[in-house]
Amino acid sequence: MTATQDTSATHEVDLTSEAADKVRSLLQQEGRDDLRLRVAVQPGGCSGLIYQLYFDERFLDGDAVRDFDGVEVIVDRMSVPYLNGSTIDFSDTIEKQGFTIDNPNAAGSCACGDSFS
């Protein structure tokens, strides 16, 4: 199934080179070249909004897309205002491992760091 996309819709979410490398590695492990990294904001969590970060094969109406050297990052239309200016990074250290989202639009976050307002 081939999806069409509106290439005029873009977003201002950045993906660090470390995060892009990790996404490429995960996609290679999965043996898939038809997936994109989707980042979204959903209601929930103790501060009101939670991040969602997952692989998606679909393009939805209104999606904004940016390509980072072969890694596509998709943000849905409703999440763009909450995420513009954010940076997705990946760390693999003793202190922390995983993807992080540095969001200048977040006024506050909860102690667990999983939700924001």
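The values are calculated or read from the model by the stated rules, or taken from the named source; none is laboratory data. Treat the numbers as computed from the prediction; the structure is a model and nothing was measured. Here the Cβ is made from the backbone with ideal geometry for all residues, glycine too, and neighbour counts use every protein chain on show. The protein model used for the area step is the full one, side chains on, heavy atoms only, and it has no ligands, DNA or RNA in it. Shrake-Rupley method; radii C 1.70, N 1.55, O 1.52, S 1.80 Å.
Descriptive notes on the structure:
- In order along segment 88-99, the phi-based Karplus estimate (6.51 cos²θ - 1.76 cosθ + 1.60, θ = phi - 60°) of 3J(HN,Hα) comes to 9, 10, 10, 10, 9, 10, 5, 6, 8, 9, x, 7 Hz; Gly and Pro are listed as x.
- Positive minus negative residues near Arg32 (Lys, Arg vs Asp, Glu; Cβ under 12 Å): -3
- Bins of 10 Å, starting at 0 and running to the largest distance - Cα pair percent for segment 14-102: 16, 49, 31, 4, 0
- Measuring nothing but protein heavy atoms, the accessible surface of segment 14-102 at 1.4 Å probe radius is 46 percent carbon and sulfur.
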